[in-house]
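Worksheet: one structure, shown below.
Read-outs: derived from the displayed coordinates by stated rules, not from any lab. As the structure is a computational prediction, the values presented were derived from the model and not from experiment. Glycine also receives a Cβ, built like all others from the backbone with ideal geometry; neighbour counts cover every protein chain displayed.
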Ligand code: PMP
């Protein structure tokens, strides 16, 4: 068996010890005589799995007591609709747009706002600049009456990230799409009203989405919200109104335990800074590769880069694949390459990528 260094933006690489443990437990979980995929979600065994997963996530992110953790389905895309259905009411929500994903979230909210009886506003966008930076707080004015303010704190396609220090002023509950950088750095959960993240990048298999929501935001859903999409109903039922994505929750739990064993989120952040710095420094100094994101807005997780000449892209990818460095093709809307280096990517993978990029530039520069 040869495992490659997989730079996929998602579904993405998972920590190898997690995959090994899942494989070992596939046929018989802890003497249950069956695997996790085969057990009742309401049985004692699975209940212990979901409770431990939540406890470990709470510990990792220091989630305050007045927040609920929901294990849901439907991906982040479903949240683009579910958020206004649950939170908009007859009020108005503000949206910040810094890339493809926050733009999609805004479009979906805009589509639904009328039927829901509310409004949404696009208060700031960097689209005219090709989504190459985060928004500065002096560029937009939030509505102090807004029911919520939506943003995407890591734009997976454009490689634009903001941490807690780059958040807009807290005039209204902040709702953040953290799909592609959750658990990559410490987060002050108390600064957000709601955090959501699809699992398939830093958490586990696709099909699971985690929502962390402040309790006072529950119980506001539009009456036509499908029951299964009502956060309060899901919170009241321990995410088990219906059958939850059990296997995904189990793998997420293994990832949480792995993160704790690595030293938690402060330790992950240190490693992620080291990995991202290595790659950005190399790109900037190369004279052959380019990352066009403003330095202070650069993502530690998703690093898009262009080659000196697009005509070399195919050769670059073919050579990378042959060297065991896979899924580096950039998103078609940005072009070039993209290296996604989530928690599970070891520094050795980034070093191998830099070595390959150096050789390639020497041959073709
Ligand atoms: N938001 C972000 C930041 C993403 O990266 C993605 C997926 N790449 C999505 C939303 C959409 O996720 P899903 O396909 O799970 O609906």
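On alpha-carbon atoms, Rg over Rh for the range 7-52 using Kirkwood Rh? Let's see the in-between values first.
Numbers: Rg = 12.8 Å, Rh = 12.0 Å.
Computed over Cα atoms, the ratio is 1.07.
Would you kindly state how much longer the chain becomes between residue 65 and residue 242 on full extension, computed as 0.36 nm times their sequence separation minus their alpha carbon distance, in nm to one decimal?
Between residue 65 and residue 242, full extension yields 61.3 nm more.
Within a 10 angstrom radius of the beta carbon, how do 34, 152 rank from fewest other beta carbons to most?
Least crowded to most crowded, the residues run 34, 152.
Give the order of 332, 104 when sorted by the count of other beta carbons within 10 angstrom, beginning with the fewest.
On the way: 332 7, 104 16.
Listed from fewest to most nearby Cβ atoms, that is 332, 104.
Relative contact order for the range 171-263 using alpha-carbon pairs under 8 Å, separation at least 6, rounded to a whole percent?
23
Using Cα springs under 10 Å in a Gaussian network model of the chain, which residue among 122, 87, 224 shows the largest mean-square fluctuation?
Largest GNM mean-square fluctuation: 224.
Please compute the Kirkwood hydrodynamic radius of the range 264-364 from all pairs of different C-alpha atoms, in Å with one decimal.
Answer for the range 264-364: a Kirkwood hydrodynamic radius of 13.8 Å.
How much length is gained if the chain between residue 311 and residue 32 is pulled fully straight, taking 0.36 nm per residue apart and subtracting their Cα-Cα distance, in nm to one decimal?
Working it through step by step, the gained length comes to 94.9 nm.
If you wrap a convex hull around the alpha carbons of the chain, what volume per residue comes out, as a whole number of Å³?
Convex hull volume per residue, Cα atoms: 131 Å³.
Under the Kirkwood approximation for Rh and a Cα-based Rg, what ratio Rg/Rh is obtained for the range 132-243?
0.98
Give me 38, 314 sorted ascending by neighbouring Cβ count inside 10 Å, so fewest comes first.
314, 38
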